Amino acid sequence: EAAVTQSPRNKVAVTGGKVTLSCNQTNNHNNMYWYRQDTGHGLRLIHYSYGAGSTEKGDIPDGYKASRPSQENFSLILELATPSQTSVYFCASGELGGRQDTQYFGPGTRLLVL
Amino acid sequence: GEKVEQHESTLSVREGDSAVINCTYTDTASSYFPWYKQEAGKGLHFVIDIRSNVDRKQSQRLIVLLDKKAKRFSLHITATQPEDSAIYFCAASRGYQGGRALIFGTGTTVSVSP
């Protein structure tokens, strides 16, 4: 099975601070995704990428930036963290639309912004 | 915008009974419908999927049905066991700029009692 890892697993940040969440996948998937999970909303797509150097906006990109420096790594950046960004963040990789549609998820990062 | 509605927020069943979770989607172009399971404090784990070229798929005790006309799909967990207790998410593929991603329902908490 595809391996997706995330770091840190837990993070406490202060309002206005910068937060970087990291994701690594080892299965050479072109596509990577960042979601946040909130009660009553399920998972919502923040940013995604179709390969190194590319990032695209998802459904809720405001307040977030993304970076895909390599095939394996995809970061989510909160330049000025706000309490409304307190959530659980999941990274995923996969090849939607290809022979294998399945997305593989990381274990999640719990972010608390005080 | 496009969305996926997951109709049951909670489901309580007795061990051995069946559990059914229903989802509807709005994007007529959706062609791939996976289901994920999330155990407490963990990430999402793929359990089963169905593509739009079929209307039924079974994997062991899991059955997925797809009604494209009604834009409805459902997960049937038969002969439930306590280890089936978890949150289940339905999802549907949708187009984004340059490719595809998943849009998720809000999750159903399934509790299986002995």
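Pairs exceeding 31 Å between alpha-carbon atoms, taken from A:LYS65/B:LYS71; B:LYS3/B:LYS57; A:LYS57/B:LYS37; A:LYS11/B:LYS57; A:LYS65/B:LYS57; B:LYS37/B:LYS69: A:LYS65/B:LYS71; A:LYS11/B:LYS57; A:LYS65/B:LYS57.
Diffusion of the protein assembly as shown by Stokes-Einstein, at 25 °C in a medium of 0.890 mPa s and with Rh set to the Kirkwood radius over alpha-carbon pairs, works out to 137 µm²/s.
Roughly how crowded by other chains is peptide A:103-114, in terms of the mean Cβ count from those chains within 10 Å of each of its Cβ atoms?
Details: counts 9, 4, 7, 2, 4, 5, 0, 1, 0, 0, 0, 0.
Going residue by residue through A:103-114 and averaging, the value is 3.
Each Cα pair of chain B feeds into the Kirkwood radius, which the Stokes-Einstein equation turns, at 25 °C and 0.890 mPa s, into a diffusion coefficient of 172 µm²/s.
Shown are B:ASP17, B:ASP49, A:ASP62, whose ranking by accessible area with a 1.4 Å probe and every protein chain present, most to least, is A:ASP62, B:ASP17, B:ASP49. The mean number of partner chain beta-carbon atoms within 10 angstrom of a residue's beta-carbon across peptide B:100-111 is 5. What translational diffusion coefficient, in µm²/s and rounded to a whole number, does the Stokes-Einstein relation yield for segment A:48-114 at 20 °C and a viscosity of 1.002 mPa s, taking the hydrodynamic radius as the Kirkwood radius over Cα pairs? Stokes-Einstein gives a translational diffusion coefficient of 162 µm²/s. Hull volume per residue, based on the alpha-carbon atoms of chain A and their convex hull, is 94 Å³.
Tally Lys and Arg at +1 and Asp and Glu at -1 over the other residues with C-beta under 13 Å from the C-beta of A:LEU80: what net charge comes out? Show your work: numbers first, answer last.
Details: positive: A:LYS18, A:LYS65; negative: A:ASP62, A:GLU79.
Charge balance near A:LEU80 sits at 0.
Counts of other chain beta carbons within 10 angstrom of each beta carbon in peptide B:36-43 average 4. What's the carbon and sulfur percent of the protein assembly as shown's accessible surface, probe 1.4 angstrom, rounded to a whole number? About 47 percent, which is the carbon plus sulfur part of the accessible surface.
Are there GluC sites (Glu not before Pro) in segment A:32-114 that DSSP marks as loop and that have at most 12 other Cβ atoms within 10 Å, and which are they?
On the way: sites: A:GLU56, A:GLU72, A:GLU79, A:GLU95; in loops: A:GLU72, A:GLU79, A:GLU95.
When the GluC sites (Glu not before Pro) of segment A:32-114 are filtered for loop state and at most 12 Cβ neighbours within 10 Å, A:GLU79 remain.
Convex hull volume per residue, computed on the Cα atoms of segment A:1-54, equals 126 Å³. The simple spin-label model puts a point 7 Å past each Cα toward its Cβ; for A:THR39 and B:LEU62 those points are separated by 2.6 nm. Summed over the residues of the protein assembly as shown and divided among them, the accessible surface reaches 46 Å² per residue at a probe radius of 1.4 Å. Remind me, relative contact order of chain B in percent, using alpha carbon pairs under 8 angstrom and six or more residues apart? Reported relative contact order: 36 percent.
The values are calculated or read from the model by the stated rules, or taken from the named source; none is laboratory data. A quick note: this is a predicted structure, and the numbers were derived from the prediction, not measured. We place every Cβ from the backbone using ideal geometry, glycine too, and count neighbours over all the protein chains shown. The protein model used for the area step is the full one, side chains on, heavy atoms only, and it has no ligands, DNA or RNA in it. Shrake-Rupley method; radii C 1.70, N 1.55, O 1.52, S 1.80 Å.
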